[in-house]
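In what follows, a structure is listed as structure tokens, so that the remarks can point back to it.
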Amino acid sequence: MTDSVKQNETAPRDWRAALKTGFRMRCPACGEGHMFYRFLKVSDCCPTCGEELHHHRADDAPPYFTILVVAHVIGALMLFVEEHNDALDLRIHMVLWPTLTLLLVLWLLPRFKGALIAYQWALRMHGFETVQPRDGKAAA
């Protein structure tokens, strides 16, 4: 293995740039390939650069962050609207808030998952630390 490849494997990765790239749901290595092949299904590897993404461990963190953000945003909006508009009909509330909540959750959840996977990639966590050759032996 050449020295430049060894340096590339151990070179620090910018976690801030990885978070931004992951939030855009792009491969953290190249920034071009799509990270997901379905709504929340992570591709085994990047279709553009071939970076392996299958060993991520997102688990429950993306839904947790999504709930945290959405609850604060929707809660603040509800309080603001209720305080500044006394005549808003209850039926409007019953349609408005669940709809906004659902849309915000569906928009944020894959972005938070992509950002978390990219963060794990940047910190070389959960299998992102080394490149595994096809024969299954760890690189020396």
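Before moving on, here are some points about what is shown:
Residue-wise test of (1) surrounded by 15 or more Cβ atoms within 10 Å (Cβ to Cβ); (2) part of a helix (DSSP H, G or I); (3) of a type in the set (Lys, Arg).
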| residue | (1), (2), (3) |
| --- | --- |
| GLY31 | yes, no, no |
| THR48 | no, no, no |
| ALA58 | yes, no, no |
| THR66 | yes, yes, no |
| LEU96 | yes, yes, no |
| THR99 | no, yes, no |
| LYS113 | yes, yes, yes |
| ALA118 | yes, yes, no |
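- Of the numbered criteria (1) part of a helix (DSSP H, G or I); (2) at pLDDT below 85, the one GLY127 fails is (1).
- All of ALA18, ALA11 fail the test of being modelled with pLDDT under 95, aliphatic (A, V, I, L, M) and either touching a strand residue (DSSP E or B) at 6+ places or on another chain (Cβ under 6 Å) or surrounded by 15 or more Cβ atoms within 10 Å (Cβ to Cβ) (or both), apart from ALA18.
- Taking (1) over 17 Å from LEU123 (Cα atoms); (2) at pLDDT 95 or above in turn, CYS49 satisfies each apart from (2).
- Any hit, region 25-38, residues being over 18 Å from ARG111 (Cα atoms) and in contact with a helix residue (DSSP H, G or I) (Cβ under 9 Å, 6 or more places away or on another chain): no
- If you go through region 82-94 and pick out every residue that is not aliphatic (A, V, I, L, M) and not in a helix (DSSP H, G or I), you end up with 3.
- Test: residue in region 68-76 that is at pLDDT 95 or above and crowded, with 18+ Cβ neighbours inside 10 Å: yes
- Residue identified as free of Cβ contacts under 8 Å to residues at least 40 places away in the same chain and either on the phi < 0 side of the Ramachandran plot or more than 16 Å from the chain's Cα centre (by Cα) (or both) among GLU52, GLU82: GLU82
- Boolean, LEU40 is touching a residue at least 40 places away in the same chain (Cβ under 8 Å) and either assigned to a helix (DSSP H, G or I) or not polar (S, T, N, Q) (or both): yes
The values are calculated or read from the model by the stated rules, or taken from the named source; none is laboratory data. Small disclaimer: the values here were computed from a predicted structure and weren't measured. FYI the Cβ positions are ideal-geometry reconstructions off the backbone, even for glycines, and counts take in every protein chain you see.
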